[in-house]
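What follows is a set of notes on a single structure, which appears directly below.
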Amino acid sequence: MSRVLVLEDESDVRELLVLHLKREQYEVEAFEDAEEALKAFKQRAFDLLVLDWMLPKMSGLDFCKKIRTEERATLPILILTARADTMDKVVGLEIGADDYLTKPFEIREFTARVRALLRRSQPHPIDECRHGSFVLNDASKRIYYSGMELNLTPNEFKILAIMIKKPGFTFERAELIHLVQGPNVSVVDRTVDTTILGLRKKLGSASEHIQTVRGFGYRLKA
């Protein structure tokens, strides 16, 4: 299920967008304050951002620019605005927005544009597996957390990929060795522990997602 972040300070517009996005079976988090939205963006993974241009503290355009320059995120961004001037649209698109919708708009056009943006950004959905803020892409052998790619060794990738596919399941050390290295490889349990330690370091504050089950092995928090 795709997750959408909505940043819109007009409560009636915000509620309308949330209502129709949920009807389309999307997970939605809505904000009226850009700073709060930015915190959420850094903590969780989203598939699409819907940003109002005119906001009291940080404009939707500044929000977009901040993400593109600092976070280097590639997820699609839809800008909503009452500014209909062609140059305004050009500025928005050049800064990093993927689409632009002028207020007032038909809600059917809004949902159609959302579907189109998500469809273009997810060309290989069958290759992806998601759990919380983790996104595993088997085809490219990449794992993302909160939109940022993790720089993993082959063994770190294999172990985390296995866990993402079965969150909450406890893997014994011997089982992880079997799954990663094969059934006929002699590897000590300490190798798995070292790999898990490396994973936790790379996850930083999110390392708590990998839980130790004393006497058995490890699991990814469900």
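Every listed requirement among (1) part of a loop (DSSP other than H, G, I, E, B); (2) at pLDDT below 90 is met by residue 151 save one, (2). For the range 8-48, the set of residues classified as in contact with a helix residue (DSSP H, G or I) (Cβ under 7 Å, 6 or more places away or on another chain) and either among the β-branched types (Val, Ile, Thr) or outside the structural domain of residue 103 (by TED's automatic domain parsing) (or both) consists of 28 only.
If the requirement is being touching a Pro at 6+ places or on another chain (Cβ under 9 Å), small (Gly, Ala, Ser) and modelled with pLDDT under 90, which of these qualifies: 132, 92, 96? Give the steps one after another, and end with the answer.
Numbers: 92 fails: touching a Pro at 6+ places or on another chain (Cβ under 9 Å); 96 fails: touching a Pro at 6+ places or on another chain (Cβ under 9 Å).
The unique qualifying residue is 132.
Inside the range 1-28, can you point out the residues that are within 21 Å of residue 105 (Cα to Cα) and in contact with a Leu (Cβ under 6 Å, 6 or more places away or on another chain)? Across the range 1-28, the qualifying residues are 4, 5, 6, 7, 9, 28.
Take the conditions assigned to a loop (DSSP other than H, G, I, E, B) and of a type in the set (Phe, Trp, Tyr) and apply them to residue 46. Does it pass? I'd like the intermediate steps shown before the answer.
Values: assigned to a loop (DSSP other than H, G, I, E, B): yes; of a type in the set (Phe, Trp, Tyr): yes.
Here the answer is yes, as residue 46 does meet what is asked.
If I ask for residues that are within 22 Å of residue 1 (Cβ to Cβ) and not polar (S, T, N, Q), which ones from the range 40-66 would you list?
In the first step, residues of the range 40-66 are kept if they are within 22 Å of residue 1 (Cβ to Cβ); the result is 40-51.
Of everything in the range 40-66, those that are within 22 Å of residue 1 (Cβ to Cβ) and not polar (S, T, N, Q) turn out to be 40, 41, 42, 44, 45, 46, 47, 48, 49, 50, 51.
The values are calculated or read from the model by the stated rules, or taken from the named source; none is laboratory data. Since this is a predicted model, take the numbers as computed values, not measurements. Virtual Cβ from ideal backbone geometry, glycine too; neighbours counted across all protein chains shown.
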